[in-house]
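Here the structure comes first, spelled out in structure tokens, and everything after it is commentary.
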Amino acid sequence: VRMGMLAAIRSASLDGEGVGIMVTASHNPERDNGMKLADSNGGMLHPDWEVYAVQFANAPNDVESAISHINELCHSTVPGWSNIFGTSVSNNGRKMCVHIGKDTRSSSPLLSSLAIQGALAMGATVVDHGLLTTPMLHHIVM
């Protein structure tokens, strides 16, 4: 869920340009299945955003801390963003687009679904491309 939210926030910081999430273990064993984020230029996630990804992935699990962390990330990366959680969820009219691809491993459908839920919770448009290779997803987001 968190990586879907992060991808949506990254897209908002790029004025709605598409960001990709690839659910894959690459050449690793299936138990190592995870997510790779692709920036709108077709490359890997910008190094500045790698820091945010690590912080976001390791943030506390309680709801209050999670909401605080999400709002802090939005405020620090998207100019003019106000709190997104309150009486209703709002993306403040920001355009956000997240592309999702997955490999054939048995855990990929669940991980993909969770990432989609996170992006949708932020108000992003999500395009689920289904089974893809990582290079294909990188090309799609360019």
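The values are calculated or read from the model by the stated rules, or taken from the named source; none is laboratory data. Computed from a prediction, not measured in an experiment: that's the story for all the values here. Please note: Cβ atoms are built from the backbone with ideal geometry, for glycine as well, and neighbour counts cover all protein chains shown. These area figures cover heavy atoms from the full protein model, side chains too; ligands, DNA and RNA do not enter into them. Shrake-Rupley method; radii C 1.70, N 1.55, O 1.52, S 1.80 Å.
With unit charges on the beta carbons (Lys and Arg positive, Asp and Glu negative) and the dipole taken about the Cα centre of the chain, which residue among N28, V63, C74 sits farthest to the positive side?
It is N28, whose Cα lies furthest towards the positive end.
How large is the accessible surface per residue of the chain, computed with a 1.4 Å probe and reported in Å² as a whole number?
Per-residue accessible area for the chain comes out at 50 Å².
For N41, what is the net charge nearby, where nearby means another residue's Cβ is under 14 Å from its Cβ and Lys, Arg count +1, Asp, Glu -1?
-3
With +1 on the Cβ of every Lys and Arg and -1 on the Cβ of every Asp and Glu, and nothing else charged, how large is the dipole of the chain about its Cα centre, in debye rounded to the nearest 20?
240
Let me have the 222 nm mean residue ellipticity of the chain computed from DSSP H runs of 4+ only, each contributing -39500 (n - 2.57), with the sum over all residues rounded to the nearest 500.
Only helices count here, giving -13000 deg cm²/dmol.
Please report the antiparallel percentage of DSSP beta bridges with both residues in the chain, rounded to the nearest 5.
35
For the chain, report the convex hull volume of the alpha-carbon atoms normalised per residue, in Å³, without decimals.
With only Cα atoms used, the chain gives 103 Å³ per residue.
Under 5 Å between amide H atoms, partner at least 5 residues away or on a different chain: which partners does L45 have, H built in plane at 1.01 Å?
So L45 has HN proximity to L37, D39.
Can you order the peptides 34-41, 105-112 by their average number of other Cβ atoms within 10 Å per residue, highest first?
Packing proxy ranking, top to bottom: 34-41, 105-112.
Which angle between 0 and 90 degrees, to the nearest 10, do you get for helix 47-57 versus the longest principal axis of the chain when only C-alpha atoms count?
Compared with the principal axis, the helix lies near 80 degrees.
Carbon and sulfur atoms: what percent of the 1.4 Å accessible area of the chain do they account for?
55
Hey, in the GNM for the chain with a 10 angstrom Cα cutoff, which one of V78, V54, V98 fluctuates hardest?
In the Gaussian network model the winner is V54.
Extending each Cα 7 Å along its Cβ direction at V63 and H75, get the distance between those two points in nm, one decimal.
In this crude spin-label approximation the distance works out to 2.1 nm.
Compute the helix-to-body angle for 63-77: its Cα long axis versus the longest principal axis of the chain, expressed 0 to 90° and rounded to tens.
With both axes taken from Cα atoms, the answer is about 90 degrees.
Quick one: check the C-alpha center-to-center distance for segment 8-26 versus segment 49-70, whole angstrom.
Here the answer is 17 Å between Cα centres.
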